[in-house]
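Presented below is the structure to which this report refers.
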Amino acid sequence: MENELQIKQPKLHETLSMLMNIFNHTSSMIAFLDRDFNFISVNNAYASAVNRSVDDFAGKNHFEMYPDSENQQIFCKVRDTGEAVYYHEKPFVYPDDPHKKITYWNWSLVPTIEDNKVTGLVLTLTDVTDTVDARRDLQMKAMLLDNVSDATVGMDRNFCVIYWNKAAEELFEWNREEVLGKYLLDIIKTDFTDKKVEELKDELSKNGYLSFEVVQYTKSGRKLYIENVTHAICDSGGQITGYVSVRKDISERKRQLELLKINEARFRNAVENLPFFVIIYDADRKIQFANAYTRSFVEMEHDELTGNTNEGVFGSETSAKFDLILEECLDSGTSVSGEIRLIYRGSKHIFCVNYVPVLQDSKVYQIMGIYHEITDKKEAEEKQLKILRELSRSNKELEEFAYIASHDLQEPVRMAVSFSELLSRKYSGRMDQEADEFISYIVAAGKRMSSLIRDLLIYSRINTNIRPFEYVNTADVLSEVLEDLKILLDESRAKLNCHSMPVVFGDRIQIRQLFQNLIVNAVKFRGQNSPVIEIGCRQNGIMHEFFVRDNGIGIEEEFFEKIFLIFQRLHAHDKYPGTGIGLSLCKKIVETHGGKIWVESAPGKGSAFYFTLSASDA
Ligand code: ADP
């Protein structure tokens, strides 16, 4: 037995020194306590964790040093029951500083038992804060990745999937469980050839980074345009351990881009073929684009024009004219137009120039110059203006001639009529019957000539005798006319139906003449029945539209225009007397007032004469 002890002792000694070694060098904190929780000894880790030396503890009570009622209860329970307790990752909140970072501890409180009695406790504390923090950090990152909108894929160095976030599930239609551990290119099919894939892999391992656009297909075969950014992950020795790739769906962007390209091509094609000049300038007045029409006019190609200025293309004298308007457009930021006359390569041109600014952030970024060649149109207009001026001059001369002629003819005609009447009175019955008849013809013709000359005079005075326009109450004018025509209207038993009449802007005397002529005609051209005349008006925009309607003989449609011409009559003089001037006078009056006159009629159904007069001086 003694022998046995002699053999075992060095062994025990060895074990003890090994345990002491562990006790003193382990990173876990270990304390031996007696039954009353007085420290027997603590290891280095324990002492240095609370910034003390191991000797500071011997004989001191644990709960006097670190009062904590909850822990004290646990200690008592272990001592009293003899049952050890273990805690895993138990958080420790500093009682005097609750906002200090929480630390986590693995606890074991084990009783030391001798003769079935608890003689003390061994407290072991291991700081597991780093493990807990690292795990939480990982969880947070995983959660974050799961919630980013871009598909994110983690792969090992063989491109086998080890991470697949929610966005990747949605985009590629593969569930996480279906893809984990699988080779990525077996899951996501692309349009890349094997050779291209190998090239990309090489580039990735060389640069540690890769970015490219690629067509990829979802589980159901849907085609996607993907923007792919892949980063290599390396260990501390620089060896690649895996890859993280972020994939953005750019299908919509691609589609918009395609659409934009198509639209741009359409626009460019349209502008290119427009039959007038289109030149686009940048903000420095440099030409960026000139369409085919421009290029053929200036006989320059694209590259000669691009970057050039107006001066370089048109020469300094001509460009100065364009640049004046271009400058105004640049300064004002609004469209500016103008007319430019110039001589280019020996021939005359007239352009209607329009500069339209293209704004970006309220600044002129480009200017679109549109030049219409209007040389022919302008020359035709100028020619037309010349003819018009000539026409109005000769018209005026004619009117003056008609006025002078009719005015000067009045007197000799009056003389001829009165002497032929005198002749008829004095010599009637004293010559033969044929002579009496001839004289009566002369008298009648003279009278007709006299009324023709009178009417012609009135007609020619319309434009030579212009009075200032005023506001005219047509109801008053109509009453005066009806008063003047009372005998004619009574004799013919005419019935009149007059509606309310407006105020117009014009020459009172002429308007009176207008109503009078139309009412006289309505009576004169009556049929079998006594005349029924309706006069009224309705507003039509800024004009008043009047009508004088009768139940007379009516007019064939083919004569609707003709009756307004001077001296144009539809009936023999003996049936319906007149000079054929009345309606042409009406037309002239209405047109002098800026209005129109027309007739609606049918033979035997009466006629309605319409005319418009301005409601105001606007
Ligand atoms: P005039 O009355 O002297 O003949 P107008 O110039 O007033 O000359 O009229 C031209 C012609 O238009 C008339 O000769 C007549 O044939 C036709 N006319 C004018 N007013 C009427 C009317 N209210 N009804 C039918 N015919 C008319």
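Can you sort Leu125, Leu570, Leu259, Leu514 by how many other beta carbons sit within 10 Å, fewest first? Write out the running numbers ahead of the final one.
Working: Leu125 20, Leu570 14, Leu259 10, Leu514 30.
Least to most surrounded, the residues fall as Leu259, Leu570, Leu125, Leu514.
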Legend entry - Qualifying GluC sites (Glu not before Pro) in the stretch 128-204, DSSP loop, other Cβ atoms within 10 Å at most 16: Glu173
Legend entry - the stretch 63-137, relative contact order in percent, only Cα pairs under 8 angstrom and at least six apart counted: 26
Inset, instruction - Please turn the phi angles of the stretch 269-286 into ³J(HN,Hα) values with the Karplus equation 6.51 cos²θ - 1.76 cosθ + 1.60 (θ = phi - 60°), one per residue in order, whole Hz, x for glycine and proline. - result: 5, 4, 5, 4, 9, 5, x, 8, 6, 10, 10, 9, 10, 8, 5, 9, 6, 8
Legend entry - Within the stretch 90-131: backbone nitrogen closer than 13 Å to the Thr26 label point (7 Å, Cα to C-beta): 106-110, 122-127
Inset, instruction - With a Förster radius of 22 Å, plug the Cβ-Cβ distance of Ala270 and Ala380 into 1/(1 + (r/R0)^6) and report the FRET value to the nearest 0.05. - result: 0.20
Legend entry - Relative contact order (%) - the stretch 126-275, alpha-carbon pairs under 8 angstrom, separation at least six: 19
Legend entry - Leu121 long-range amide H proximity, modeled H, under 5 Å: Leu33, Asp34, Thr112
Legend entry - Using alpha-carbon coordinates, inclination of helix 129-147 to the longest axis of the chain, degrees: 20
Inset, instruction - Provide the per-residue ³J(HN,Hα) series for the stretch 179-190, in order, calculated from phi with Karplus coefficients 6.51, -1.76, 1.60 and θ = phi - 60°, each as a whole number of Hz, with x at glycine and proline positions. - result: 10, 4, x, 8, 5, 3, 6, 7, 9, 9, 7, 10
Inset, instruction - Considering Cα pairs under 8 angstrom that are at least six residues apart, work out the relative contact order of the chain and quote it in whole percent. - result: 5
Legend entry - Reach of Lys605 by Cα under 22 Å, taken over lysines that are not fewer than 8 positions away in the same chain: Lys495, Lys524, Lys562, Lys575
Legend entry - Two-site FRET efficiency, Arg222 against Lys166, from Cβ-Cβ distance with R₀ of 22 Å, rounded to 0.05: 0.75
Inset, instruction - Extending each Cα 7 Å along its Cβ direction at Glu83 and Lys605, get the distance between those two points in nm, one decimal. - result: 12.1
Legend entry - Phi-based couplings in Hz for the stretch 391-405 (Karplus 6.51, -1.76, 1.60; Gly and Pro marked x): 4, 5, 5, 5, 4, 5, 4, 5, 4, 5, 5, 4, 5, 5, 4
Legend entry - Distance (nanometres) between label positions extended 7 Å along Cα→Cβ at Tyr427 and Glu556: 4.3
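Set the Förster distance to 56 Å, then compute FRET efficiency between Gln539 and Arg448 from the Cβ-Cβ distance, nearest 0.05.
Details: r = 41 Å, r/R0 = 0.74.
The formula returns an efficiency of 0.85 here.
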Legend entry - For a label point 7 Å along the Cα-to-beta-carbon line of Gln366, residues of the stretch 274-296 with backbone N under 17 Å: 274, 277-295
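When Val520, Val443 are ordered from fewest to most other Cβ atoms inside 10 Å of their Cβ, what list results?
Values: Val520 16, Val443 20.
Fewest to most other Cβ atoms nearby, the residues stand as Val520, Val443.
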Inset, instruction - Anything over 23 Å Cα to Cα? Flag those among Lys182/Lys248; Lys396/Lys587; Lys11/Lys117; Lys321/Lys383; Lys11/Lys60, in the order listed. - result: Lys11/Lys117; Lys321/Lys383; Lys11/Lys60
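Once fully extended, how much extra length lies between Leu398 and Ala134, figured as 0.36 nm per residue of separation less the alpha-carbon to alpha-carbon distance? Please report the intermediate quantities before stating the final value.
On the way: separation 264, 0.36 × 264 = 95.04 nm, distance 11.12 nm.
Residue separation times 0.36 nm, minus the Cα-Cα distance, leaves 83.9 nm.
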Inset, instruction - Check the straight Cα-Cα distances from Lys201 and name the aspartates and glutamates below 19 Å, setting aside those fewer than 8 residues away within the same chain. - result: Asp156, Asp186, Asp191, Glu213, Glu227, Asp235
Legend entry - Sequence-distant lysines (8 or more away, or on other chains) whose Cα lies within less than 23 Å of Lys254: Lys189, Lys196, Lys219, Lys223
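When Trp105, Trp164 are ordered from fewest to most other Cβ atoms inside 10 Å of their Cβ, what list results?
On the way: Trp105 19, Trp164 26.
Listed from fewest to most nearby Cβ atoms, that is Trp105, Trp164.
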Legend entry - Potential extension, Ala405-Asn263 segment - 0.36 nm per residue separation minus Cα distance: 44.0 nm
Inset, instruction - For the stretch 550-590, run through the GluC sites (Glu not before Pro) and keep only the ones in DSSP coil with at most 15 other Cβ atoms within 10 Å of their Cβ. - result: Glu556, Glu561
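FYI, it's all coordinate maths here, none of it is from the lab. This structure is a prediction, so every number in the text was calculated from the model and none was measured. As a convention, Cβ positions derive from the backbone with ideal geometry for all residues, glycine included, and neighbour counts pool all protein chains shown.
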